[in-house]
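The values are calculated or read from the model by the stated rules, or taken from the named source; none is laboratory data. Remember, it's a predicted structure, so these values are computed and weren't measured experimentally. These accessible areas exclude ligands, DNA and RNA; they are computed on the full protein's heavy atoms, side chains included. Shrake-Rupley method; radii C 1.70, N 1.55, O 1.52, S 1.80 Å.
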Amino acid sequence: MRLYLPATLDEVLRPDDALSPRAAHAVTPALRAALPDEDEEGLEFVAQLAAADESMALLAAAPTAPRLRVVVAVEVSDSLTGPASAVQGPPSLVELLGPVTLRDADCLLVDEPQAAQDVRGALAGDAAAADDLEVRDLLWYDVSEIGRIPRE
């Protein structure tokens with residue numbers, strides 16, 4: 001199953017470390033039911049965006065992390081996923097039940113450095129910055145490029 005894991009740059013800049021179990025996003029039956037007219041690529045994009053939103057929560061809890069959203073796309077066996085334990089959440093929400101290493105990742109999706117100002121603003125409660133952040137695209141990076149991802 002392809003998962004989109006919310007993360008911070010501090011987590012991914014240590015490629016030998018594992019990403020711990022956490023809430024993740026995927027194309028789930030619930031997401032398909034919620035968006036029946038969406039094709040596979042559109043469903044994947046919705047799951048990716050949900051993970052980017054959750055990356056904001058990780059950034060709020062990590063004040064020294066670079067202020068850029070990060071999503072790690074990874075294929076895992078079904079045995080490493082489970083239903084989300086949260087009472088409410090988006091229909092793409094699942095749980096990663098075990099750690100995964102970045103060596104297992106397919107790619108990373110990261111805000112461009114110019115988005116840091118919008119991330120800071122959104123974290124401070126600025127609605128306009130949050131709106132600006134929602135229309136920003138995440139940049140694609142191969143796992144081999146982790147060391148070249150701009151920090152801000």
With a 1.4 Å probe and all protein chains in place, put 133, 97, 139 in order of accessible area, largest first. 97, 139, 133
Accessible area of the chain with a 1.4 Å probe: how many percent of it is carbon plus sulfur? 53 percent
Taking Rg/Rh (Cα atoms, Kirkwood Rh) straight from the coordinates, which label in (i) 0.97; (ii) 0.92; (iii) 0.95 is the correct one? (iii)
Accessible area of residue 75 in the full protein assembly, 1.4 Å probe (Å², nearest 10): 90 Å²
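Probe of 1.4 angstrom, ligands and nucleic acids ignored: what's the accessible area per residue over the range 49-152, in square angstrom? Mind dumping the intermediate values first?
Working: 5350 Å² over 104 residues.
For the range 49-152, the solvent-accessible area averages 51 Å² per residue.
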